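Here is the structure we will look at, set down as structure tokens.
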Amino acid sequence: MLSKNHSLDPKDWANFREQSHLMLDDMFNYLENLRENPVWQPMPENVKNSFQKPLPTHETQFSAIHETFMKTILPYVVGNSHPSFMGWVHGGGTPVGMMAELLAAGLNANVGGRNQSAVEVERQVLKWVRELFSFPQTASGLFVTGTSMANLIGCLCARMAILGDDVRQNGLRNSFELTAYTSKAAHVSVSQALDISGIGTNALRKIAVNENHEMNCDDLERAIFADKKAGKTPFLVVATVGSVDVGAIDDLEKIAEICRREKIWFHVDGAFGALAILSPVLKSRLNGIQHADSIAFDFHKWVQVQYDAGFILVKDGDLHQRTFSSPAAYLQRAERGLSANSPWACDFGLDLSRNFRALKTWFTFSVYGTEKLGNVITHTCELAQYLKQRIENETQLELLAPVSLNIVCFRFRCENANQVNNELVIQLQESGFCAPSSTTLNGHVAIRAAIVNHRTQKQDIDMLIEKTLEFGNREIKKYD
Ligand SMILES: *Cc1c(COP(=O)(O)O)cnc(C)c1O
């Protein structure tokens, strides 16, 4: 046995190379011809059932498994690369990002830390992010899966800021009653962060929003005042930049001022909206974000980096490190050698083993540049305004929310509107022509189009309108 070669590398590299080049070409064909295929299609039962096979014990040809991939996996993905996908705030990905992922997979670097180039690439991106948000050199940052994780890290840093370092040993046992604040339009991951950090979701005050779906700052101040009067300790305000429902941006200057006065941690959930800072047109709407104590956002949404690529930026890098770093003999640091280059990524978050998310982000910024990426963001907002206009010009359609950024909520006017519009969204998705999603605003079911993808054009908006009217009129006939 010992003399036998057990490597998993191919015996015939030339053959492997050839097969792999074919696979690469298949993906280029897929991306080049996205528009010719349905946005989404449901998986037929037999295809679904093909994923019920027993654990493979023997070798199968690489090419055969690739063939299976082409037939049973590739055609049935969620479709967010497609120009007509508008369902949720999903980025479209780019060919550059795809190639960078291939390179990262080839390196298979574990980026938990150590003395390696991958760490420097991540630090380079952190430097760019600090520059974008006018954060100081002492600010820390970390790639994470997504904003859900980044919001949790922000919450844990805020908990550390109010309770001090010994919260890590004592937990919340001896602490006073903490309270946190966000708007009713906030993403569910904000209350999850309170849950997981042990503070509990009851501590989260969901502040009312104004007619633009922005947090009502007078209500925020009143809630803080009432909690203080009741002996509680307000410790965290989470502002939203780009709400999931309608893309609203909270008043960051005002919230920053309240947090400064009340000595409360100011966290921004800017999952997709924070990177609107790249758009010269939208930038000024983010004024005040530089005052945040922490910002959570995703590169995988508006700047189109391949999934997943979330990021947390923390102004007080030292506090951030103290919130997470955990000494262990096997993580011992050194002055030289592989164990040098401290602090490491694992000192700033929950993950030890991490992939090289920074590479695809670094490639995306390096190849396209901020001007081009900013223009993509601006363009999606222009398309949203075009969609808004088209809705306003159709008597059978109506807008259900202001169009602040790139998200448009509307509905087909009819009796039983909620039922019909829910059905309509499903029919649009099943048609393969376009993929909006639905949400509920003030009790009304809305068709929600989030325009995030760099590939989306005017013709995709026209298709959404055309098919909504066609299917809507067909549907109401059923009620006649
Ligand atoms: C998408 C989104 C999240 C969650 O981000 P993930 O990357 O999916 O974890 C949080 N908040 C807002 C406002 C979002 O749009």
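Points worth noting:
- Output for region 73-90, where each listed residue is open to solvent by 20 Å² or more (accessible area, probe 1.4 Å) and more than 16 Å from the ligand (Cβ to nearest atom): I73, L74, P75, Y76, V77, S81
- Within region 154-211, the set of residues being open to solvent by 40 Å² or more (accessible area, probe 1.4 Å), within 14 Å of the ligand (Cβ to nearest atom) and in a strand (DSSP E or B) comprises just one member, V209.
- Of F299, F272, all but one fail to be closer than 21 Å to D351 by Cα, open to solvent by less than 10 Å² (accessible area, probe 1.4 Å) and within 16 Å of the ligand (Cβ to nearest atom); the exception is F299.
- Any hit, region 283-293, residues being within 15 Å of the ligand (Cβ to nearest atom), in a strand (DSSP E or B) and in contact with a helix residue (DSSP H, G or I) (Cβ under 6 Å, 6 or more places away or on another chain): no
- First in region 215-231 and over 16 Å from R260 (Cβ atoms) and touching a residue at least 40 places away in the same chain (Cβ under 8 Å), second anywhere and of a type in the set (D, E) and open to solvent by 20 Å² or more (accessible area, probe 1.4 Å), Cβ under 8 Å, 6 or more apart: M215/D251; G231/E177
- Within region 397-413, tally of residues that are surrounded by 21 or more Cβ atoms within 10 Å (Cβ to Cβ), among the aliphatic types (A, V, I, L, M) and outside any loop (DSSP other than H, G, I, E, B): 2
- In region 251-261, the qualifying residues are those that are open to solvent by 50 Å² or more (accessible area, probe 1.4 Å) and over 23 Å from the mean Cα position of the chain (by Cα), and the one that is farthest from the ligand (Cβ to nearest atom) is R261.
- Being closer than 19 Å to S191 by Cβ and either touching a strand residue (DSSP E or B) at 6+ places or on another chain (Cβ under 8 Å) or open to solvent by 50 Å² or more (accessible area, probe 1.4 Å) (or both) is a property that holds for K232.
- When region 302-336 is limited to residues that are of a type in the set (V, I, T) and within 16 Å of the ligand (Cβ to nearest atom), the one that is surrounded by the most Cβ atoms within 10 Å (Cβ to Cβ) turns out to be V305.
- Filter result (among the hydrophobic types (A, V, I, L, M, F, W, C) and assigned to a helix (DSSP H, G or I)) within region 414-435: A417, V420, L424, V425, I426, L428
- Residue count, region 100-147 (criterion: within 16 Å of the ligand (Cβ to nearest atom), of a type outside the set (A, V, I, L, M) and buried (at least 21 other Cβ atoms within 10 Å of the Cβ)): 3
The values are calculated or read from the model by the stated rules, or taken from the named source; none is laboratory data. Please read these numbers as outputs of a predicted model, since none were measured by experiment. Note: ideal-geometry Cβ built from the backbone for every residue, glycine included; neighbour counts use all protein chains shown. Only protein heavy atoms, including side chains, enter the accessible area calculation; ligands, DNA and RNA are left aside. Shrake-Rupley method; radii C 1.70, N 1.55, O 1.52, S 1.80 Å.
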